[in-house]
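This report concerns only the one structure given below.
The values are calculated or read from the model by the stated rules, or taken from the named source; none is laboratory data. It should be emphasised that the depicted structure is a prediction, and the values quoted were computed from it without experimental measurement. Quick reminder, even Gly has a Cβ in these numbers, built from the backbone with ideal geometry, and neighbours come from all protein chains shown.
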């Protein structure tokens, strides 16, 4: 069986140390670039960035092996790096605790002496740095131990003299620097004990320095007093922490499985597979568990950020939740979730009060039972909100939960205030994980409560507008129908008057029956028009000539007037509701007959370009331009005795709904021409209107 040659590069301690120095240099170089490239950086930020830059230079120099025995560049940069970090820590100590000038000078001298000794060791002539003399070597080790001790003493004073409530802002700094200086102290003590430095500890030193970088970045990001502009995404921290915790858990599981595999028994490998599979399954369950994510998120936020919330993200999340599509969930559930997500609550209920009511009615629940009984305004919970929009903690207060006992165990109540008026409140169940309530949480809940209240008020206003529009549309239909019924009533009254004179005339009897039949049909259509919804009155394609001739014949029968009809176009079509077209044409003809008196009325029609035009011409007294502009189409303004002033307004509205217009041309003493203008329907489109529905 042939063997495959594999090239294996040996990893020596020196090569591992070079790689670790390179990684540490890249990490601190990135951190220095983030800090120093931002505009308007504070003095603290500049000190922080300079120390990061010196650390990056030291690590990269050590990785590249620059310098020589006469000029040990990495050693010089290491000394300068320590001085920069020590100066930064002393600056933070001075700003945080305000020590006396004597204390500051004492700490400066405490580090200055060993730094001077270290510099003299590096400047000693004719002494190779790789093989120092015993005296210089001991002095260098002593200087290293002195520097570490000085930094540890400074950190101890910084932590001890910082007030208890502000220690969270400097604990990461103390942990990071203290760990590195403790490592350096261990390295120096080991070298002093054994007479030479440990190659393994020296190789791992850049790893210790690199591990401290995230702690320093987090300390700078969450400490507002430093004024260092470093932004860290909460999502990045959360997911990173999730991956780290999951990785450590899986490493432990793998180690346990490896131990079982080396047990030597036959079931060892089976147990190893079972343990590894169980570990992967446990990680999957924990990652998808809302409670586990909640605890991990709380841990990350509380220990890595100065503010609990990313307010921009919380605001956008609230807006996205409230404006989600109605097909998914209704506004009540979305309003509850917008508030509940802030405190990681898995359930809630919404109570709102209508403008004309005093009690708060249940409006919806999310993972909670519904509530039947309203909450009266004198309830203890409503009184607890007060005038300052207080967030009410229900846990441990049974008297406050008496009005919402149907919901079971509840935790918080968030008021919904809209322009100083309490329009509702959201009741939340307990959080998935332990949640600390403080002023920051209450302020955010109060702000989101007002946003939710605005959204509910907006929806309520939209509903009122919709109902008002529906009532307005119905009132318009009613007014139109009332106007047409008035015309029918006038025709029937005239018929009764003539019947007293011509009742025995057979021709009159036939005309009377035709008039009554036409009136009944017209009233039936009017009632159907009143009951039909606007969307149900779909436009139909009408033939112009037939419809105009039928309308003129009905008007002649009703008025017994001289109405002349000129030949109307050649089958031009229009798209309009048939009843609407008949109502408009009848109204225009009726007005023309009333205005003309004994004079004839002319009706004619035809096509003009893309439009169909029907003209009704009378030789009556005419109208002034001011009357046409100000009075003719104004509803409920009429010059006729007993008139309602709705006819012209109705006619123009019906034509506009079909894409047309009603044009008026009138001259005082000469008469009036009313033009009904509608878009012309082409023959191929008109044919489609008669196809059966799919």
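The condition of being assigned by TED's automatic domain parsing to the domain that holds residue 565, within 20 Å of residue 548 (Cα to Cα), in a helix (DSSP H, G or I) and modelled with pLDDT under 85 holds for only one of 630, 684, 582, 594, that being 582.
Filtering the stretch 608-631 to residues that are surrounded by 15 or more Cβ atoms within 10 Å (Cβ to Cβ) and under 60 Å from the mean Cα position of the chain (by Cα) leaves 611, 612, 613, 614, 615, 616, 623, 628, 631.
Quick one: how many residues across the stretch 639-652 are surrounded by fewer than 18 Cβ atoms within 10 Å (Cβ to Cβ) and either within 53 Å of the chain's Cα centre (by Cα) or at pLDDT 85 or above (or both)? Of the residues in that region, 1 qualify.
Per-residue answers, yes or no, for (1) at pLDDT 75 or above; (2) surrounded by 13 or more Cβ atoms within 10 Å (Cβ to Cβ):
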| residue | (1), (2) |
| --- | --- |
| 529 | no, yes |
| 532 | no, yes |
| 538 | no, no |
| 541 | yes, yes |
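Here residue 460 meets the list (1) modelled with pLDDT of 75 or more; (2) assigned to a helix (DSSP H, G or I); (3) farther than 30 Å from residue 420 by Cβ almost entirely, failing just condition (3). For residue 488, the stated conditions hold: it is modelled with pLDDT of 70 or more and either buried (at least 17 other Cβ atoms within 10 Å of the Cβ) or within 19 Å of residue 580 (Cβ to Cβ) (or both).
Out of 105, 95, 38, 46, one residue alone is in a loop (DSSP other than H, G, I, E, B), surrounded by fewer than 19 Cβ atoms within 10 Å (Cβ to Cβ) and on the phi < 0 side of the Ramachandran plot. It is 38. Taking the condition in contact with a helix residue (DSSP H, G or I) (Cβ under 7 Å, 6 or more places away or on another chain), in contact (Cβ under 8 Å) with a residue 40 or more places away in the chain and in a helix (DSSP H, G or I), does residue 441 pass? Taking the combined requirement at face value, the residue satisfies it.
Just to be sure, is residue 24 free of Cβ contacts under 8 Å to residues at least 40 places away in the same chain, under 26 Å from residue 170 (Cβ atoms) and assigned by TED's automatic domain parsing to the domain that holds residue 106? For residue 24, the condition - free of Cβ contacts under 8 Å to residues at least 40 places away in the same chain, under 26 Å from residue 170 (Cβ atoms) and assigned by TED's automatic domain parsing to the domain that holds residue 106 - is not met. Evaluate the following for residue 193: is it farther than 30 Å from residue 94 by Cα and at pLDDT 80 or above? It is true that residue 193 is farther than 30 Å from residue 94 by Cα and at pLDDT 80 or above. Looking at the stretch 201-224, is at least one residue modelled with pLDDT under 85, outside any helix (DSSP H, G or I) and more than 38 Å from the chain's Cα centre (by Cα)? No, the stretch 201-224 has no match at all. Just to be sure before I move on: is residue 345 touching a strand residue (DSSP E or B) at 6+ places or on another chain (Cβ under 6 Å) and either touching a residue at least 60 places away in the same chain (Cβ under 8 Å) or part of a loop (DSSP other than H, G, I, E, B) (or both) in the structure I sent? Yes, satisfied. Select, from 117, 149, 131, the only residue that is more than 28 Å from residue 220 (Cβ to Cβ) and at pLDDT 85 or above. Within the list 117, 149, 131, the selection yields 117.
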